[in-house]
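The structure under discussion appears below in the form of structure tokens.
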Amino acid sequence: MAVIKCPHCGNSISNKAPKCIYCGAPVVKMQKCADCGFEYPENAEACPSCGCPTSRKAKAYSSSQEEYVDGFLLQNGDKFPVYRYNEIRSWLMTLNMRQLNLLENISYRDSTIMLIAAIFIGLYGGDRFLLKDNKRGVIKLVMALLSFLIIPGVIAIVMWLMDCIKISELTKEYNYNEMRRVVAVM
């Protein structure tokens, strides 16, 4: 038996009690997410922070869905950030087959092509416009157009060099966000 605080009145109660003995509020059993450590109610189907399914729901996966997800990640894994791989796999396992089929139709950006774009049109914000980051694209464009002034010119060159260095990570993060957006629209 562990002692917890009632979320409503703050008094110490047993974690096995069905309701608070002081205020009568029901005690919600909590669990920690295995992936991100976020604490959420035990009866939830998935972690609200990262989408990791609960162990109860994890058992309901079909082997064909696991094979489909593994095949998708094998084919497209290099298009997403490495540090998000487990999160993506857990999230994909919570989707139905119709949603998973939608992922096949998304045109993901290629990091090599985006690097070429960053080198040739990145000074004018073209790489950021391709990643739908219009705000930074406009800033880079304005700085490049004002490059006849020394300070904006230096800022434009520094921004261009920084984007050339980190364009691969930006592209992978864009692909991840695009995948989440398309399925969320469904």
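Annotations
- Residue check for Tyr108: part of a loop (DSSP other than H, G, I, E, B), of a type in the set (Ser, Thr, Tyr) and closer than 18 Å to Arg180 by Cα: yes
- Segment 1-46 - residue that is in a loop (DSSP other than H, G, I, E, B) and touching a residue at least 24 places away in the same chain (Cβ under 8 Å) and, of those, surrounded by the most Cβ atoms within 10 Å (Cβ to Cβ): Asp35
- As for segment 79-91, it holds at least one residue that is of a type in the set (S, T, N, Q), touching an Asp or Glu at 6+ places or on another chain (Cβ under 8 Å) and surrounded by fewer than 16 Cβ atoms within 10 Å (Cβ to Cβ).
- Of all residues in segment 158-186, those being more than 17 Å from the chain's Cα centre (by Cα) and closer than 11 Å to Leu131 by Cα number 1.
Residue by residue, here is whether (1) basic (Lys, Arg); (2) in the same structural domain as Thr171 (by TED's automatic domain parsing); (3) assigned to a helix (DSSP H, G or I); (4) within 30 Å of Gln31 (Cβ to Cβ) holds:
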| site | (1), (2), (3), (4) |
| --- | --- |
| Asp70 | no, no, yes, yes |
| Leu74 | no, no, yes, no |
| Tyr83 | no, no, yes, yes |
| Glu87 | no, no, yes, yes |
| Leu100 | no, no, yes, yes |
| Ile121 | no, yes, yes, no |
| Met143 | no, yes, yes, no |
| Ile151 | no, yes, yes, no |
| Ile155 | no, yes, yes, no |
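- Selection within segment 47-78 - surrounded by 14 or more Cβ atoms within 10 Å (Cβ to Cβ) and modelled with pLDDT under 80: Cys47, Ser49, Cys50, Gly51, Cys52, Pro53, Thr54, Lys57, Ala58
- All positions within segment 142-164 that are more than 30 Å from Trp91 (Cα to Cα) and buried (at least 19 other Cβ atoms within 10 Å of the Cβ): Met143, Ala144, Ala156, Met159, Trp160
- Matching residues in segment 4-18 - criterion: being out of contact with any Lys or Arg (no Cβ under 8 Å at 6 or more places or on another chain), modelled with pLDDT of 80 or more and of a type outside the set (Gly, Ala, Ser): Cys9
Residues are listed down the side, and each one gets a yes or a no for (1) exposed (fewer than 15 other Cβ atoms within 10 Å of the Cβ); (2) not basic (Lys, Arg):
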position	(1), (2)
Gln99	yes, yes
Asn105	yes, yes
Ser111	no, yes
Leu131	no, yes
Lys140	no, no
Lys166	yes, no
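- Flag if Asp127 is more than 18 Å from Pro81 (Cα to Cα) and within 27 Å of the chain's Cα centre (by Cα): yes
- Residue in segment 121-131 that is aromatic (Phe, Trp, Tyr) and either closer than 30 Å to Pro48 by Cβ or at pLDDT below 90 (or both) present: no
The values are calculated or read from the model by the stated rules, or taken from the named source; none is laboratory data. Everything numeric here is computed off the predicted structure, so don't read it as measured data. Cβ: placed from backbone, ideal geometry, glycine included. Neighbour counts: every protein chain shown.
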